[in-house]
Amino acid sequence: MKKFNVYLFLILFACNEDTYEVNSPQLADAENYLVFSTSKEFFNTIEKIGRMTEVELDVWEESNKFISYRTHLNNAQKEWALISDQSQIPLFEDKYKDILKLVNGSLEPYISNNVFRSFVNRNGIYKTDQYLNKVINNIIYTVEHGEIKKLESLSSRLPGCQIARLAAASGISSLQYTQENQIIDDECSNPDPNPNPPPVPRCYLNMEASYFANSSGCSDDREVYISASSYITPYSGLREFDGTFKVAYYKQAYINIKVWGKKRNWLCNWATYATSLEYTVWELEINAHRVLSSDANGTISEIRPFIFNPYQLGPSVDREWMDYPVKVGDLTINETIQPYAFTKLKVEGKTRGTGSNGYARMICP
């Protein structure tokens, strides 16, 4: 299979049509892929979208009446964050099997470059002059316009070396657009030494763990519970924002870690009770909304990761439960936002009754 550096590709392509005017790409309606009629149009688009924010890319797509691979991937990431039960995962995988795969509990897109994700369609296809191109991992496969069936035979889900063999057998040209000298994710030349690894714990919107201290088999038994939740609290009415008061619809993302204890009574039935409680957050990462701008109509935000420093709460005075809601991200106005599942979490909690080593722990992924 032919493999070239992307910079050599750009030079060769640019030399063909360096006197053309730069126009906006056109949309092939039936196939929903962008058509670049000149090299200047193609490279100007790459340069332009490479500097855009996610919000600006959304506007650019809408102006071109185009739905990119990036948008489908963003939708998949939002849906993945909302999955709260293992039974939902097979349906999710089937829905997005053409654009990503699950690797140890994480989403791995079939296109590795953010810029390319922004101008190819869901199938990874775009057109330059009379050539159709399909991006898989870090490789661009190219055929003449009437040979789209050849590109469709190259499935993103195949190992890289199998795709390369199919391309060579079908006379499909290919080039590598990153500086590495090998195909990314070549499962044929680098077989997985452990094809059936144990499942990695997933993080969810709401999680709970417990620890059981079996002291006597009945009345002295103790149990500690710890939970983590991610949620949105809405407000409506008059509130202060950026130094002024506005009547609007406000939303704020929160996380909350809660710990409580249970013990058995003389009938061996479990019941909550007042005891000293404590918990420690060792690692916590989660996505939330960061406001980019605001005007009279409300805010415009984008999703950003937030990483918390370790912190501890307690030991408390005797009480039935203890929690500490924490704001995540910015307060939004008249904007549709959603809570996101934790991306990383390591917390532990205990009660006086479970002893010095009696911790309920949650760790994911």
With a 1.4 Å probe and all protein chains kept in place, how much accessible area does Arg352 have, in Å² rounded to the nearest 10? 140 Å²
Sorting Tyr131, Tyr204 by accessible area (1.4 Å probe), largest first, what list results? Tyr131, Tyr204
Sequence neighbours fewer than 8 away in the same chain don't count; with that in mind, list the lysines whose C-alpha is under 28 Å from Lys150. Lys2, Lys3, Lys40, Lys65, Lys95, Lys97, Lys101, Lys127, Lys134
Computed magnitude of the charge dipole of segment 245-365 (debye, nearest 20; Cβ of K, R +1, Cβ of D, E -1): 440 debye
Per-residue HN-Hα couplings for segment 160-171, Karplus 6.51 cos²θ - 1.76 cosθ + 1.60 at θ = phi - 60°, whole Hz, x for Gly and Pro? x, 5, 5, 4, 4, 5, 4, 4, 5, 5, 9, x
Bounding extents of segment 231-307 in its principal axis frame from Cα atoms, largest first in Å, are 62, 30, 18
Provide the per-residue ³J(HN,Hα) series for segment 270-284, in order, calculated from phi with Karplus coefficients 6.51, -1.76, 1.60 and θ = phi - 60°, each as a whole number of Hz, with x at glycine and proline positions. 7, 8, 5, 8, 7, 7, 6, 10, 7, 8, 10, 9, 8, 9, 7
Provide the solvent-accessible area of Cys268, counting protein heavy atoms only and rolling a 1.4 Å probe, rounded to the nearest 10 Å². 50 Å²
Placing +1 at every Lys and Arg Cβ and -1 at every Asp and Glu Cβ, with all other atoms neutral, what dipole size does segment 61-169 have around its Cα centre, in debye to the nearest 20? 160 debye
So, for segment 277-336, what is the accessible surface per residue at a probe of 1.4 Å, expressed in square angstrom? 57 Å²
Listed highest first by mean packing, meaning other Cβ atoms within 10 Å per residue, what order do 50-58, 205-213, 98-106 come in? 205-213, 98-106, 50-58
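The values are calculated or read from the model by the stated rules, or taken from the named source; none is laboratory data. No experiment lies behind these values; they were computed from the predicted model shown. A quick note on method: Cβ atoms are made from the backbone with ideal geometry, for glycine too, and the neighbour counts reach across all protein chains shown. The area values use the complete protein model at the heavy-atom level, side chains included, leaving out ligands, DNA and RNA. Shrake-Rupley method; radii C 1.70, N 1.55, O 1.52, S 1.80 Å.
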